[in-house]
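Here the structure is laid out as structure tokens; the discussion comes afterwards.
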Amino acid sequence: MERRAAAAAPGPWTAWLEGRHGVGGDSFIQVRPEAEPDDEIHVSRFVEGARLPGQDPRLDADIDFIAAARQDVPRLIAEVRRLRAAAADRSRGW
């Protein structure tokens, strides 16, 4: 998990949702806006062979999750490490 997070483009990633921001097209994830304004990830979702429209709440939820994961996963890894270290300290009796 840590290797995949390290290999991905650095964050923050920002979800731009047509239904929330009115971006005038499909929803997308903006990657590193300070380095490259047009660095974007576009996600499509198909249900029963049909592409969901840009303002579908299911697609918006997926895009929000993917964008947030870029920031959340490294924080979760750090928290797991912290908790494991604390548990190891307790098992040694401090």
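The values are calculated or read from the model by the stated rules, or taken from the named source; none is laboratory data. No experiment lies behind these values; they were computed from the predicted model shown. Cβ sites come from the backbone with ideal geometry, for glycine too, and all protein chains shown count toward neighbours.
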- [ ] Just name the residue that is modelled with the highest pLDDT out of those in the range 54-94 that are part of a loop (DSSP other than H, G, I, E, B), surrounded by 12 or more Cβ atoms within 10 Å (Cβ to Cβ) and of a type outside the set (S, T, N, Q).
- [x] ASP56
Open item on the list: Against the definition (on the phi > 0 side of the Ramachandran plot and either of a type in the set (Gly, Ala, Ser) or surrounded by fewer than 10 Cβ atoms within 10 Å (Cβ to Cβ) (or both)), how does GLU48 come out, yes or no?
Closed with: yes
Task: Index of the failed condition, HIS42 passing every other in (1) surrounded by 11 or more Cβ atoms within 10 Å (Cβ to Cβ); (2) in contact with a helix residue (DSSP H, G or I) (Cβ under 8 Å, 6 or more places away or on another chain) - done: (2)
Open item on the list: Quick check on the range 21-35. Is at least one of its residues without any contact (Cβ under 8 Å) to a residue 24 or more places away in the chain, of a type in the set (D, E, K, R), in a helix (DSSP H, G or I) and closer than 24 Å to MET1 by Cα?
Closed with: no
Task: Single residue of ALA5, ALA15 found to be surrounded by 11 or more Cβ atoms within 10 Å (Cβ to Cβ), touching a residue at least 60 places away in the same chain (Cβ under 8 Å) and either touching a helix residue (DSSP H, G or I) at 6+ places or on another chain (Cβ under 6 Å) or in a strand (DSSP E or B) (or both) - done: ALA5
Open item on the list: Cβ-Cβ distance below 7 Å, separation of 6 or more or different chains: which pairs start in the range 65-89 with a residue that is under 30 Å from SER44 (Cα atoms) and end on one that is of a type in the set (D, E, K, R) and modelled with pLDDT under 95?
Closed with: ILE77/GLU2
